[in-house]
Amino acid sequence: MEEKTQISKDKQIDKKKIIMYIVLFLLLVYVLYTMYLLIKEPTDIFTIEEGKLYKEETVVGYVIRDETVVKGKNYKNGMEQIKIEGEKVAKSENIFRYYSNNEENLKKKVLELDKKIQEVMKNDKSLCLSDMKLLEKQIDEKVYSISKLKDVTKLEEYKREIDNLVKKKSKIAGDASPKGSYLNQLIEERKRYENSLNSGAEYVTSPKSGIVSYKVDGFEETLTTENFETLSKEYLESLDLKTGKVVATNDECGKIIDNFSCYIATITSSEEAKQTEVGKKIKIRLSNNAEVPAEITNIINEQDGDVVLFLKINKEIKELINYRKISFELIWWSASGLKVPNHAIAEENGKKYVVRSSAGYLSKILIKVKKEGEKYSIIEGYTTDELKKEGMTSDEIKKYKKINIYDEIIINPNLEKIN
């Protein structure tokens, strides 16, 4: 009986030993695995692709233009646009006109006469001239075009063209009719009313060539290209303008804008702005995503460390007509090419390398960093002449391998472990 009891105790001791050994073994495996994780070589792989890097900042800007306000004497009478918003105009061309004092009554009489003239011409079969038919066809085509028109800026232009065609048609009909006829009487009466309209109206002409705009906001005489030195941060912010607000259309006057260039004044405290200089070429990105070349023409260094930059642009002038204060991106530099993470680039003896992985074989590739961003860089290989300048022998140059798109490279490479 005592022997059985002893055997049972021995078995229990053996089981405890086995369990203890298993626990120790698992603990050892865990420790070894943890150590392996701490000392193992990095295995993260990145596939190289074409990309683009920017150094940019979002800012607000005040639009400064070379613009001349044009206004006549009869501005209280109301005005009719001859040249529409954004249309180019030559010097001395009619831009708009102010209505005459009896405008509405005269227009009403002209319209009534037009209806009578059209009715007479329609019923007089002796007027089926080829020129008349051609004009009627052109009128029908213009009327149809208006019904399909999507660009509202073309509406006034089409209406004027139709009016001119109708006048030509009436003139031909009058010339073809016997003097003293009812049609001729109507046409002559219309001419008298039209002459009264024209003589009583005031036409305003353009003082110079440029773009016509009716977005007159009162800053045309202060936000000008002639007084940059007075446009300080304090002054610009005192204007209390809303970013992106569309300037309202003025119904008393218009203006002519230089269509070749305009300026944007912006306030920034970035390091790039503090280190820049007059004449530097950069780019800006507008709200329509257009990237426009710009040149820094003037700089005001404020006492608080901010900088007021004045940027000259020669494109997208019409895009800015509606605004006085805008939001946009300053693009200090941009670069395109092979884009890689900064952690994939290692340095040795003052030279930059990436480690390419191909079929399990690692090779160290000498590269140039064109531009370095916060997380990524644009890189490229060396040319033969550049390798010679680096002191490479002919054999080393022959063995040199360039990095290429879709190559796989190691993140956080250890150059000491690679031949």
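Per this entry, Leu338 is counted among residues that are within 26 Å of Phe46 (Cα to Cα) and either part of a loop (DSSP other than H, G, I, E, B) or within 28 Å of the chain's Cα centre (by Cα) (or both).
Total residues in the range 293-329 satisfying the condition of being in contact (Cβ under 8 Å) with a residue 40 or more places away in the chain, part of a strand (DSSP E or B) and either not assigned by TED's automatic domain parsing to the domain that holds Ser269 or not β-branched (Val, Ile, Thr) (or both): the figure is 10. Of all residues in the range 357-380, those that are in contact with a strand residue (DSSP E or B) (Cβ under 6 Å, 6 or more places away or on another chain) and not in a strand (DSSP E or B) total 1. For Tyr36, the test of being of a type in the set (Phe, Trp, Tyr), closer than 30 Å to Val212 by Cβ and modelled with pLDDT under 90 is failed. Does Glu291 meet the test of being surrounded by fewer than 16 Cβ atoms within 10 Å (Cβ to Cβ) and farther than 28 Å from Glu237 by Cβ? In short, no.
Scanning the range 323-336 for residues that are modelled with pLDDT of 95 or more and not aromatic (Phe, Trp, Tyr) yields Arg324, Lys325, Ile326, Ser327, Glu329, Leu330, Ile331. If you go through the range 221-243 and keep only what is at pLDDT 95 or above and touching a Ser or Thr at 6+ places or on another chain (Cβ under 8 Å), you end up with just Thr243.
Close Cβ contacts (under 7 Å, 6 or more residues apart or on different chains) running from residues in the range 260-287 that are farther than 16 Å from Trp333 by Cα and assigned by TED's automatic domain parsing to the domain that holds Leu309 to residues that are among the polar types (S, T, N, Q) and modelled with pLDDT under 95 comprise Tyr263/Thr225. Scanning the range 43-83 for residues that are among the aliphatic types (A, V, I, L, M) and under 28 Å from Ile409 (Cα atoms) returns Ile45, Ile48, Leu53.
For the range 72-86, filtered to residues that are outside any helix (DSSP H, G or I) and either polar (S, T, N, Q) or at pLDDT 95 or above (or both), the residue that is surrounded by the fewest Cβ atoms within 10 Å (Cβ to Cβ) is Gln81.
Restricting the range 404-419 to residues that are touching a helix residue (DSSP H, G or I) at 6+ places or on another chain (Cβ under 8 Å) and part of a loop (DSSP other than H, G, I, E, B), the residue that is farthest from His343 (Cα to Cα) is Pro413. Restricting attention to the range 56-67, and to residues there that are buried (at least 16 other Cβ atoms within 10 Å of the Cβ) and β-branched (Val, Ile, Thr), which single residue is farthest from Phe328 (Cα to Cα)? Here the answer is Ile64. Taken over the range 225-253, the criterion of being of a type in the set (S, T, N, Q), part of a loop (DSSP other than H, G, I, E, B) and either more than 14 Å from Tyr62 (Cα to Cα) or more than 23 Å from the chain's Cα centre (by Cα) (or both) is satisfied by Asn227, Ser232, Thr249, Asn250.
For the range 260-282, the criterion of being out of contact with any strand residue (DSSP E or B) (no Cβ under 6 Å at 6 or more places or on another chain), over 19 Å from Val60 (Cα atoms) and among the aromatic types (Phe, Trp, Tyr) is satisfied by at least one residue.
All conditions in (1) out of contact with any Gly (no Cβ under 7 Å at 6 or more places or on another chain); (2) modelled with pLDDT of 90 or more; (3) under 17 Å from Ala335 (Cβ atoms); (4) not hydroxyl-bearing (Ser, Thr, Tyr) hold for Glu374, with the sole exception of (2).
Got at least one residue in the range 387-403 being surrounded by 13 or more Cβ atoms within 10 Å (Cβ to Cβ), among the basic types (Lys, Arg) and assigned to a helix (DSSP H, G or I)? Yes, the range 387-403 contains a residue that is surrounded by 13 or more Cβ atoms within 10 Å (Cβ to Cβ), among the basic types (Lys, Arg) and assigned to a helix (DSSP H, G or I). Restricted to the range 79-112, and to residues there that are β-branched (Val, Ile, Thr) and under 36 Å from the mean Cα position of the chain (by Cα), the residue that is nearest to Val246 (Cα to Cα) is Ile84.
The values are calculated or read from the model by the stated rules, or taken from the named source; none is laboratory data. Here the structure is a predicted model, which means the values were calculated and not measured. Note that we place each Cβ from the backbone using ideal geometry, even for glycine, and neighbour counts take in every protein chain shown.
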